[in-house]
Structure formats: C-alpha cells, structure tokens
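Every number here is computed from the coordinates shown, using simple stated rules; none is lab data. All figures in this text were calculated on a predicted structure; none of them were measured in a lab.
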Ligand SMILES: [Zn+2]
C-alpha cells in the first residue's frame, strides 16, 4: 500500500510530550503515509505555537481556539487575538472548542459562553470548527444549532447543501446523536478508541454512519491504539486506526484512506480531491 496516504485530522504536536523529538515524530508520520497533520490548540499560547509549527512544516496545519478545560481563563482580549490569528493562511479551523462536563474544569455557563463566542468567530471568518464534547452532547448540539440559526450563511456553498461546518472529534455519543450531528453538516471522528476491546459503542457508530461522514484522528499524544495502548501516541499510528475501521466496515483500507482523505479536503481544504475514477 505504498501509494495509500492518510491524514491525521486531530493531534497535539505542540504538547510537551513531543518537546524532545517533535521533528522526528512528524518525519515518522510522513514515512508511514500520513500526508497531513491537523493540530488544534487548547488556549491562546498553544494557538500561537500551532501556527508557528504549521509555518515550519509543509505537512502541518493549525487550528486556533480555547478548549473547554481552559474556558475560565480565557479573557475577551484572548478571543480578540484568536480571531486575528485565525486569519493566518495556515489556520484551517477554530478549535478545539466545546463543552466538557466530565472533568468540569470550568463552570458550565462559562464553557457555554466561550463555546458560543468562538463559534461566532468561526462564523465571522467563515471557518469550520473542531468540537470537543464529553458528557455534554445535548448542550453541545443545542448551542451549535442556535448558532447556526443565528447565521445560516455560515459555510454556505450553495442553496442545496452548505460546506461542512466542522467535526465532532473523538466522538463518544450514540448513533442517534451522531445522526443529529451529521444533520447539522458536521463530521464525526474516531481515534484509536475503536481498536480497544471495550469500545462497542464507538464501533457501532463507526459502522452505522456513512463513510462520507467520517474522519480519522490519533489525538496524539493521548489514546494510543492497540497494540501501543498506554504509551505515548503519535501520528504514525493512523494506519492502525484506518485498518480497524476498514475491518469494521468490511472495506479495503485503500477505500478508507481515500474517502477519509477526501473528507479532510472537503472540511479543511487540505490536499486535493481525488480524481473520481482513481483506481
Ligand atoms: Zn484534542
């Protein structure tokens, strides 16, 4: 499968876990067929780092945003600077943003306000969003829907069907929630969790939605797939996750690679659309 290439649609190369060997990690990913790497950020400082990394490496693209864990620390000025940074040519989305009621590091009302404020930034810049939601899928869908209603021109491509508005990454909801997310014109994305033994829910959702609605991610340095579970994750492991998805869907891994790479192009504008009659 030499000519099969993948995209890691969500990872944190800026994390301190990669301080010692970041360039080697990127080189290993490229050697493993991972052509592009999309690096979301968790706060303003991390957003600046993500943009710097994307300036240095042709295969890396940045997202800028404030993660729900950091929502209580985000100032109005931070959000203004994020908006400025989001106009950088290597920035492909606002993220990762959303709600996390599992850890609850910031009060829920603050998380909700900072989430909606950042969707508004994405709408002003016509960028997609990268959404993190944990134990909060109901509120996340509700706020996202409200924001779409306020600005229905966001990502408008033609009258029939808007361009994709974003991705719900590391999706942990059920199939009904996934279908609601897809109806709002979002992708759902799965990391190495689908390779774990106890991941029936994620596997059911990954089998139950269309390939046209799926992305792959490592979420490195977290969530290493089997057989690396428990160690530092890295983007070179994307083919393991792609192979598992191919198993779940009874498809050749080449199809999974081609479709998910096209989906990344559709969402972030990265890469090229594959010719329709590609082998
Ligand atoms: Zn993440």
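Things worth noting here:
- Cα shape, region 8-142, gyration tensor, a/c 1.5 rule: prolate
- Max mean-square fluctuation residue, GNM over the chain, Cα-Cα springs under 10 Å, options 218, 75, 14: 75
- Average silhouette area of region 1-42, convex hull of alpha-carbon atoms, in square nanometres: 3.0
- Rounded if a/c under 1.5, otherwise prolate or oblate - region 72-208, Cα gyration tensor axes: oblate
- For region 61-111 versus region 19-56, the gap between their alpha-carbon centres in whole angstrom: 18
- Taking the inverse of the mean 1/r over every pair of distinct Cα atoms in region 13-76 gives a Kirkwood hydrodynamic radius of 12.4 Å.
- Rounded to whole Å, sorted largest first: equivalent-ellipsoid semi-axes of the chain, Cα gyration tensor: 26, 21, 19
- P(r), alpha carbons of region 149-255 - 5 Å bins starting at zero, rounded %: 2, 12, 22, 21, 18, 12, 7, 5, 2, 0
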